[in-house]
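Written below as structure tokens is the structure these notes are about.
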Amino acid sequence: MRQTGIEPGRAHGGAGPVRLSRPDGSDVRVLVVDDEQTLSELLAMALRYEGWDVRSATDGAGAVRLAREFRPDAVVLDIMLPDLDGLEVLRRMRSEAPELPVLFLTARDAVEDRVAGLTAGGDDYVTKPFSLEEVVARLRGLMRRAHRVAAREGSLLVVGDLSLDEDSHEVRRDGQDIQLTATEFELLRFLMRNPRRVLSKAQILDRVWSYDFGGQANIVELYISYLRKKIDVGRDPMIHTLRGAGYVLKPAL
């Protein structure tokens, strides 16, 4: 008999002070796969409470198809499904998205079942009954470790000790205020919305300046140098050049 359900008194996920978003600023996407409708609805409700975009599937084949279309940032996956088991669903998803974080749900608490899920490539698991807060916390951890999201507090972008408020236009590093021009601010915002991602000059021109400068692509180099003087001078560098590829912003070591 399957053990199911949510721990008593856990009606929704707790909203933490820091909101996660995709690097481009859009809502985090999570796919919930469970054939128990009530449980699936409760999970979806808790995740939407976090501000995330949630889709649900009730069988393995539907989950694989939806993952291909929806391109989630993380998946909550029940091991026991009516058609394909969760391990096979994971294998098929990972064949198209090798780094997709997956949190297994299981009613079985035997050590060998946990090991099987993790050995198959699952990133983490929770055993039913569980609290919705625990699922939310585990998903946050998985997505952050996979660098698929940016931490945001309202309008705040945070990467390491660097923060940028999109509403007030305040920028701080290690608690110290940094004054930027409007263009420098837009450039830094684009970098911070895409942490650890290499951005080419063409991408930066298109997003920050909104058109192609053609032979004037060195304007990107110029403004990157301006940012470095204000963000990195006297500190461990966060803005890095990958020769022939572009620029990347990441937390200082």
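Some observations on this one:
- Cα centroid separation, region 78-96 to region 230-253 (Å): 39
- Loop-resident sites, region 167-205, for GluC sites (Glu not before Pro), counting at most 16 other Cβ within 10 Å (DSSP): Glu170
- Global form of region 155-249, assessed from the alpha-carbon gyration tensor, a/c cut-off 1.5: prolate
- Set of aspartates and glutamates near Lys201 by C-alpha distance (under 12 Å), chain-local residues within fewer than 8 positions excluded: Asp212, Glu221
- Vicinal HN-Hα couplings computed from phi for region 221-228 (Karplus, 6.51 cos²θ - 1.76 cosθ + 1.60; Hz; Gly/Pro x): 4, 4, 6, 4, 5, 4, 4, 4
- Overall, the anisotropy analysis places region 19-150 in the rounded class: the square-rooted eigenvalues a ≥ b ≥ c of its C-alpha gyration tensor yield a/c less than 1.5.
- Note on Lys128, Lys250: ascending count of other Cβ atoms within 10 Å places them as Lys250, Lys128, the fewest first.
- Counting other Cβ atoms within 10 Å as a rough exposure proxy, the listed residues Arg243, Arg55, Arg71 run Arg243, Arg71, Arg55 from fewest neighbours to most.
- Rounded to 5, percent antiparallel among DSSP beta bridges of region 19-150: 10
- Three-way shape call for region 169-213 based on the alpha-carbon gyration tensor, with the a/c threshold at 1.5: oblate
Quick note: the coordinates plus some simple rules give every number you see, no bench work behind them. A quick note: this is a predicted structure, and the numbers were derived from the prediction, not measured. Every residue, glycine among them, receives a Cβ derived from its backbone with ideal geometry; neighbour counts consider all protein chains shown.
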